[in-house]
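First the structure, in the form of structure tokens, and then the observations on it.
The values are calculated or read from the model by the stated rules, or taken from the named source; none is laboratory data. The structure presented is a predicted model; accordingly, all values stated were derived computationally and were not measured. A quick note on method: Cβ atoms are made from the backbone with ideal geometry, for glycine too, and the neighbour counts reach across all protein chains shown.
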Amino acid sequence: MDFKEDRAVIKACFFDIGNVLIFVDFKQLLDNFSKLFSTNKFKLFLFLEKHDIRNRIEKGLLSEDEALVIFNRTFQTTTSFDAFKKAMCGCFEKNAAIEPIVNDLRQNHKLYLLSNTSPTHFEYLYSHFPILHCFDDKILSYEVQLMKPDERMYTHAIKLACVQPHEILYIDDIKPFCKAAKKQQICVHHFQSTHALEKDLTTLNLLPIKKT
């Protein structure tokens, strides 16, 4: 069910966090870890792939404390957890343009977060980016021990919203995640820019038309 073609009444909106509500610079994150553990980015990338660090953390299968032990053992360092958290969180920037859109949407719609994330990242984002306080509830990968595009993530979303799938709008920047939601009959918007999102939301009468 394509967002632009569907004209059903949307009652609930689910937002991804990274590179939708808040920009994430993954290159900066890799740079931070490379400096912290005194290794080059290629070796770091191979290490992350070998140990599946990100997925295990975001699925709640590996704590960040346990991950740091693996980092320190592999790179023969004695990095503190505070330094580790600082490196993890030094890659975010707010998307100021999306804030008025969220504020307008929340006037008449329930808003939810649906995100693959880690405890440290979400704790940091929630305390530093007030836009996340606009949401009524959340589904976070590490809490449910599932990750998008697992169809069970979207089943959780439907149950949480207590509406029909076609009454949900899901906004994500990753195309396979949007496709997985569409398979559950959820309306989707593949996020590529805040301007395009605002235009589509206005077309569906989910946002007020701006006066010129």
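Please specify each residue of segment 115-133 satisfying the condition of being of a type in the set (A, V, I, L, M) and over 13 Å from MET88 (Cβ atoms). Matches in segment 115-133: ILE131, LEU132. Counting the residues of segment 183-209 that are within 18 Å of the chain's Cα centre (by Cα), over 19 Å from ALA161 (Cα atoms) and not in a loop (DSSP other than H, G, I, E, B) gives 3. The residue that is farthest from the chain's Cα centre (by Cα), counting only those in segment 125-179 that are within 27 Å of ASN205 (Cβ to Cβ) and basic (Lys, Arg), is LYS159. In segment 90-113, which residues are in contact with a strand residue (DSSP E or B) (Cβ under 7 Å, 6 or more places away or on another chain), over 13 Å from PRO130 (Cβ atoms) and surrounded by 14 or more Cβ atoms within 10 Å (Cβ to Cβ)? Residues satisfying the conditions are CYS91, PHE92, LEU105, HIS109, LYS110, LEU111, TYR112, LEU113. Scanning segment 31-53 for residues that are surrounded by fewer than 16 Cβ atoms within 10 Å (Cβ to Cβ), in contact (Cβ under 8 Å) with a residue 12 or more places away in the chain and within 25 Å of LYS175 (Cα to Cα) yields a total of 1. When LEU111 is tested against (1) closer than 21 Å to ALA196 by Cα; (2) under 13 Å from the mean Cα position of the chain (by Cα), just one condition goes unmet, and that condition is (2). The residues on offer are LYS85, LYS148, LYS110, and the sole one that is in the same structural domain as LYS59 (by TED's automatic domain parsing), of a type outside the set (Asp, Glu) and either over 20 Å from VAL24 (Cα atoms) or touching a helix residue (DSSP H, G or I) at 6+ places or on another chain (Cβ under 8 Å) (or both) is LYS85. Just one of (1) without any contact (Cβ under 8 Å) to a residue 40 or more places away in the chain; (2) under 24 Å from PRO149 (Cα atoms); (3) not in a helix (DSSP H, G or I) fails for GLY60. It is (1).
When each of GLN192, GLN184, GLN145, GLN164 is tested for being within 14 Å of ILE17 (Cα to Cα) and either at pLDDT 95 or above or crowded, with 19+ Cβ neighbours inside 10 Å (or both), the lone residue that passes is GLN192.
Across segment 147-173, the qualifying residues are those that are out of contact with any Gly (no Cβ under 9 Å at 6 or more places or on another chain) and in a loop (DSSP other than H, G, I, E, B), and the one among them that is farthest from LEU113 (Cα to Cα) is GLN164. Of the residues making up segment 18-48, just one is closer than 22 Å to HIS190 by Cα and small (Gly, Ala, Ser), namely GLY18. Scan segment 131-147 residue by residue and report those that are of a type in the set (Ser, Thr, Tyr) and farther than 15 Å from HIS121 by Cβ. Listed by number, the list is empty, since nothing qualifies.
Report yes if some residue within segment 71-86 is in contact with an Asp or Glu (Cβ under 6 Å, 6 or more places away or on another chain) and surrounded by fewer than 17 Cβ atoms within 10 Å (Cβ to Cβ); otherwise report no.
No, segment 71-86 contains no residue that is in contact with an Asp or Glu (Cβ under 6 Å, 6 or more places away or on another chain) and surrounded by fewer than 17 Cβ atoms within 10 Å (Cβ to Cβ).
PHE75 meets all of the listed conditions (1) farther than 18 Å from VAL188 by Cβ; (2) out of contact with any strand residue (DSSP E or B) (no Cβ under 6 Å at 6 or more places or on another chain); (3) in contact (Cβ under 8 Å) with a residue 24 or more places away in the chain; (4) not assigned by TED's automatic domain parsing to the domain that holds LYS50 but one, namely (4).
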